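The values are calculated or read from the model by the stated rules, or taken from the named source; none is laboratory data. Quick caveat, the model's predicted, so the values are computed rather than measured. Backbone-built Cβ (ideal geometry, glycine too); neighbour counts: all protein chains shown.
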Amino acid sequence: MCGIMGYTGVEPAVPIIYSGLKKLEYRGYDSSGIGIVESGKVELFKTEGGPDNLKSRLPFKSSSAVGLGHTRWATHGAANEINAHPHTSPQKLFMIVHNGIIENCSELKLRYHLDSELKSETDTEVIACLLEREYSGDVKEAITRVMPQLTGSYALGIICIDFPDTLFCAKKSSPLFVCTDERGAYLASDIAAFPGDTGKIYRLGDGEIGIIKKDSFKVFDIDGCRIRKTEIRLRDTEEYEDKGGYEHYMLKEIYEQPSAVEKTLDSIMSDGKIKLGCLRMNRERIKSLTRIELIGCGSAYHAGLAGAYALQKLLKIPARAYIASEYKSMGSVADENTLAIIISQSGETADTLAAMKEVKSRNAKIVSVVNNRYSTIAQESDSVIITRAGREISVATTKAFSAQLAVLYCIAVRLAYSAGRIDRERYRALCAELLSLPEKSRQTLEKNEAIEKIAQILKDAEYTCFIGRAADYCTAMEGALKLKEVSYSHCEAYAAGELKHGTISLIENGTPVIAVCADSSALSKTVSNIKECKSRGAKIICITDSDYDGDADDIVIKIPDTEDLFSVSAAVIPLQLIAYHTAKKKGCGIDKPKNLAKSVTVE
Ligand code: F6R
């Protein structure tokens, strides 16, 4: 959350920092700013809104070759110009940008009587004040004195006016990277922000302090001892993509799903079989597993629900999905016979990372399913499976979710086969089903025109209800999340059988009920629930791979027949499209919904 971009070098800093911020705005876009050093003084340019809003205020002609930029997702203080970063210390000795959250900020303000010195409501400005208090000529020393006083998470970019060509940085539990090339050195919270592809890239570790000059990069630990860093060897670096003719990234990414799933399956399967050597679990170890925990947030949690369903059905041991932010509070029961599957597109989600640390401390075997191989979660897992969704720019995830499903299904089928819970014939049949998923997604996308019409109904609805049973319940949950986040429509997903236990009272004349009927094991019962809604006036929209046709006034979207265990894969696509078209009809900012950010690095 929040994007940091810094530069020190031989070229004008503003265009370089601005272009980095544009690539980082997925991390937050409610306010933004750039600070440069001009004639020995700090100059700040800040605004409400993301880098696009900032552009017209920036001094693109300035020759300053050093600066820091930031695009923000507000934690402390409203999303306005005053709270936008960079922040300065009272005497303007320090300029700082910060990603993360300082949990003891109020305590620090009280302890050092800072209230009268602060101009903003941010926790970041508190850090700037502390740096100035602790500074007596040596910035590294000041940072090492301030760091132990901070509770929470932070990635910091710092400029001290006494060393105007130097960037300082430090981090704890928030990603930070440095890149050096012939034009100078860059600091960013994601390698995607670095220009070109010739630079050497380094990852800063927790508790480390970096000193970055145009031609050198040195790293120290908290005791001031020098640490030698090794360059990250980049594989699969992706270009920052454009919309490729689509009106929004979300739509482009929805259409990229067949290829994302295909590439993901290609990386795991060969000759029609699943190769998961990277799990490093032999037959005996797999048989020793007594439970599987799948941990993630938001859509990644929903992928976990779908994965848990397939795992438990195939492996016949308890498999349960957990919302990462709830994991620790409910008291983990994981042990060395637990397989914990950590699911995260960004690999940086703070809640997921915290849950992973908890489950790790209980000696469970950790496998992460991430889309970013350079992420913290990928680095800290026993085994990593990379989803091949490519860079996902729309804040609402679609293709990364589909790629996560593909990986989880592969894990379920492979473990079940290795543990002897399914025979060779079933294994082969399931592998063939997996390989057919990209084509089924393609065929589902062909229904776009029919699906678009549904948005006309949803755009004016006060409330929409999603229902489904078994795997269809996972699909319904993901569909409702998509509709809420991009179209700001009130809706909820229910296990279809739960309606009669209370929520059916919400159904009124014309209430849209989106029923997912793609898991045949639950079809007849869900159809009964559809009838119950219909008799209370609901407008039925049914997504099904069965021959259920509904009544003449129902809308039925037929999708390709898919193995029940994997049915979320195709069935979720119409729901993504419904969310997209509804948001478009309502004029919402689809790729950057309000109040959200793509990478959520605070707990
Ligand atoms: C919803 C969405 C979020 C993320 C969640 C976890 O469209 O994108 O719910 O799924 O914030 O993010 P990652 O997967 O990066 O851990």
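The table below lists the values:
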item: Flag if L481 is surrounded by fewer than 24 Cβ atoms within 10 Å (Cβ to Cβ), within 16 Å of the ligand (Cβ to nearest atom), farther than 23 Å from K534 by Cα and not acidic (D, E); result: yes
item: Leading residue by the ranking (surrounded by the most Cβ atoms within 10 Å (Cβ to Cβ)) among those in region 485-541 that are among the hydroxyl-bearing types (S, T, Y) and without any contact (Cβ under 8 Å) to a residue 40 or more places away in the chain; result: Y494
item: Condition check for V97: over 28 Å from the mean Cα position of the chain (by Cα) and closer than 23 Å to V10 by Cβ; result: no
item: Test: residue in region 410-426 that is within 27 Å of the chain's Cα centre (by Cα) and either within 16 Å of the ligand (Cβ to nearest atom) or without any contact (Cβ under 8 Å) to a residue 24 or more places away in the chain (or both); result: no
item: Checklist (1) over 17 Å from A260 (Cα atoms); (2) more than 16 Å from the ligand (Cβ to nearest atom); (3) out of contact with any Leu (no Cβ under 8 Å at 6 or more places or on another chain) applied to E439, failing item; result: (1)
item: Residue list for region 98-143, filter: of a type in the set (A, V, I, L, M, F, W, C) and assigned to a loop (DSSP other than H, G, I, E, B); result: L114, L118
item: Looking only at region 580-603, and only at residues there that are surrounded by 19 or more Cβ atoms within 10 Å (Cβ to Cβ), small (G, A, S) and in a loop (DSSP other than H, G, I, E, B), the one that is farthest from the ligand (Cβ to nearest atom); result: A597
item: Output for region 85-110, where each listed residue is under 10 Å from T124 (Cβ atoms) and not β-branched (V, I, T); result: H85, P86, H87, H98, N99, G100, C105
item: Helices (runs of 4 or more DSSP H) contained in region 282-350 and holding at least 2 residues within 16 Å of the ligand (Cβ to nearest atom) and aliphatic (A, V, I, L, M); result: 298-315
item: Conditions (1) buried (at least 24 other Cβ atoms within 10 Å of the Cβ); (2) within 25 Å of the chain's Cα centre (by Cα); number of the one not met by G468; result: (2)
item: Flag if G49 is under 18 Å from N595 (Cα atoms) and in the same structural domain as S189 (by TED's automatic domain parsing); result: yes
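Every residue, every condition in (1) closer than 19 Å to M281 by Cα; (2) polar (S, T, N, Q); (3) surrounded by fewer than 22 Cβ atoms within 10 Å (Cβ to Cβ); (4) in contact with a Ser or Thr (Cβ under 7 Å, 6 or more places away or on another chain), yes or no:
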position: K316; (1), (2), (3), (4): yes, no, yes, no
position: E326; (1), (2), (3), (4): no, no, yes, no
position: G331; (1), (2), (3), (4): no, no, yes, no
position: N337; (1), (2), (3), (4): yes, yes, yes, yes
position: D351; (1), (2), (3), (4): no, no, no, yes
position: S361; (1), (2), (3), (4): no, yes, yes, no
position: S368; (1), (2), (3), (4): yes, yes, no, yes
position: D382; (1), (2), (3), (4): yes, no, yes, no
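Rundown of residues vs (1) acidic (D, E); (2) surrounded by fewer than 21 Cβ atoms within 10 Å (Cβ to Cβ); (3) modelled with pLDDT under 95, yes/no style:
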{"position": "M1", "(1), (2), (3)": "no, no, yes"}
{"position": "I4", "(1), (2), (3)": "no, no, no"}
{"position": "Y18", "(1), (2), (3)": "no, yes, no"}
{"position": "L21", "(1), (2), (3)": "no, no, no"}
{"position": "K41", "(1), (2), (3)": "no, yes, yes"}
